[in-house]
Amino acid sequence: MSAPNARERKACWDARDELWKCLDVHKDQTSACEKLQRQFEDKCPAQWVKYFFKRRDFLKYKEKIQNEGYEPTEGASKL
């Protein structure tokens, strides 16, 4: 598989952004954003789809830690 050209990359990123907006509005309920998810998966290479979902999970986790702070679980080792 060849690398996406500039037009294809832009279409992928735009589809990703639209999906992420929908997920934000619908509090990550994927059923509300199925059409946009299919478009995103159709416009992006599978490896990119996997990467972008991991990236979104990481960014959501990072935001949560920044807003709520980090609380170690009970029994976690103390360094």
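The values are calculated or read from the model by the stated rules, or taken from the named source; none is laboratory data. The shown structure was predicted, so the numbers you read here are calculated from the model rather than taken from an experiment. Note: ideal-geometry Cβ built from the backbone for every residue, glycine included; neighbour counts use all protein chains shown. For accessibility, only protein heavy atoms count, side chains too; no ligands or nucleic acids. Shrake-Rupley method; radii C 1.70, N 1.55, O 1.52, S 1.80 Å.
Listed values, structure above:
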| quantity | calculated |
| --- | --- |
| Accessible-area value, GLU18, 1.4 Å probe, nucleic acids and ligands omitted, Å² | 90 |
| Size of electric dipole in the chain: Cβ of Lys, Arg +1 and of Asp, Glu -1, about Cα centre, debye, nearest 20 | 300 |
| Under the Karplus curve 6.51 cos²θ - 1.76 cosθ + 1.60, θ = phi - 60°, whole-Hz ³J(HN,Hα) for segment 23-39, x wherever Gly or Pro sits | 4, 5, 5, 9, 6, 6, 7, 5, 4, 6, 10, 4, 4, 5, 5, 4, 4 |
| Under the Karplus curve 6.51 cos²θ - 1.76 cosθ + 1.60, θ = phi - 60°, whole-Hz ³J(HN,Hα) for segment 66-72, x wherever Gly or Pro sits | 5, 7, 9, x, 9, 10, x |
| Estimated vicinal HN-Hα couplings, Hz - segment 17-22 in sequence order (Karplus 6.51, -1.76, 1.60; Gly, Pro = x) | 4, 5, 5, 4, 4, 4 |
